[in-house]
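In what follows, a structure is listed as structure tokens, so that the remarks can point back to it.
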Amino acid sequence: MGIGTAAQEEDFASVLLTEAEIAERVEALAREIAAQYGDKHPLLIGVLKGSIVFLADLMRKLNIPLEIDLICASSYGCSAETSGTVTLLKDLSQDIRGRHVLVVEDIVDTGVTLRCLLDLLQERSPASLGIVALLSKPDRRRAHIDIDFLGFEIPDEFVVGYGLDFAEKYRHLPYVAALKPEAYAPSGDDNTP
Ligand code: PRP
């Protein structure tokens with residue numbers, strides 16, 4: 001697996017997506033986005049912290065004029081189960097009125113975080129509001145979300161790496177791995193990103 005330490009890798013059930021698979025998909029997504037947004041000067045909004053790796057890779061493959069901003073909305077903290085409410089921890093640094101906005105997420109799980117965020121952003125009157133997500137777990141969805149540009153649909157497993165964490169660990173891994181259930185829920189009764 002490479003970058004994870006041996007102790008960390010003992011916690012992984014499998015590598016779900018390799019670095020090469022992710023890179024290939026990110027390039028394809030960038031081509032799709034460029035074809036639709038080439039003349040729109042989009043504003044890419046990364047949702048902290050999970051999206052930073054994906055945003056950094058995606059924006060460098062987008063050969064079109066664009067800007068980025070960051071927002072932090074969290075519904076998990078260090079707990080493995082979503083609270084169902086979203087706290088805005090950091091707002092955007094600019095007005096999005098009249099802008100073509102693309103929200104960039106690492107994962108859409110229940111969809112609660114993104115639903116709240118989209119409602120909040122829509123109130124600010126962007127010209128358009130699209131969604132780019134690297135991962136989606138459709139089996140877990142509780143809020144309706146139309147993902148405009150999706151990297152991968154994945155099964156309902158707890159995944160880490162490429163920006164995604166468990167209790168702030170594993171974000172730096174260049175691949176996406178599934179954690180063994182005993183690594184995140186010793187009682188074996190939980191299942192989230
Ligand atoms: C994760 C992820 C999404 C959200 C998805 O963020 O980055 O923003 O959860 O879950 P949902 O679809 O069930 O709402 P988290 O709140 O863990 O913060 P992080 O990005 O800092 O890890």
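The values are calculated or read from the model by the stated rules, or taken from the named source; none is laboratory data. No experiment lies behind these values; they were computed from the predicted model shown. With ideal geometry, Cβ positions are generated from the backbone for all residues, glycine too; neighbour counts draw on all protein chains shown.
Whenever a residue of region 102-125 is of a type in the set (S, T, Y) and within 6 Å of the ligand (Cβ to nearest atom), its partners that are in a loop (DSSP other than H, G, I, E, B) and modelled with pLDDT under 95, lying with C-beta atoms within less than 7 angstrom and at least six residues away or across chains, give the pairs T110/T82; T110/R141; T110/R142; T110/A143; T113/S75; T113/V86.
Results for (1) under 16 Å from the mean Cα position of the chain (by Cα); (2) among the β-branched types (V, I, T); (3) modelled with pLDDT of 95 or more; (4) under 18 Å from E10 (Cα atoms), shown as yes or no for each residue.
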{"residue": "H100", "(1), (2), (3), (4)": "no, no, yes, no"}
{"residue": "L120", "(1), (2), (3), (4)": "no, no, no, no"}
{"residue": "G130", "(1), (2), (3), (4)": "yes, no, yes, no"}
{"residue": "K137", "(1), (2), (3), (4)": "yes, no, yes, no"}
{"residue": "G151", "(1), (2), (3), (4)": "yes, no, yes, no"}
{"residue": "G161", "(1), (2), (3), (4)": "yes, no, yes, yes"}
{"residue": "A178", "(1), (2), (3), (4)": "yes, no, yes, yes"}
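Within region 139-157, the set of residues being surrounded by 15 or more Cβ atoms within 10 Å (Cβ to Cβ) and part of a helix (DSSP H, G or I) comprises R140 only.
For region 126-140, which positions are farther than 20 Å from L58 by Cα and within 13 Å of the ligand (Cβ to nearest atom)? Can you show your working first?
From region 126-140, those farther than 20 Å from L58 by Cα are 126-127, 137-140; that's our starting set.
Those that are farther than 20 Å from L58 by Cα and within 13 Å of the ligand (Cβ to nearest atom): K137, P138, D139, R140.
T87 satisfies every condition listed in (1) touching a Pro at 6+ places or on another chain (Cβ under 7 Å); (2) within 13 Å of the ligand (Cβ to nearest atom) except (1). The criterion of at least 2 residues that are buried (at least 18 other Cβ atoms within 10 Å of the Cβ) and modelled with pLDDT under 90 is met by none of the helices (runs of 4 or more DSSP H) falling completely within region 1-92.
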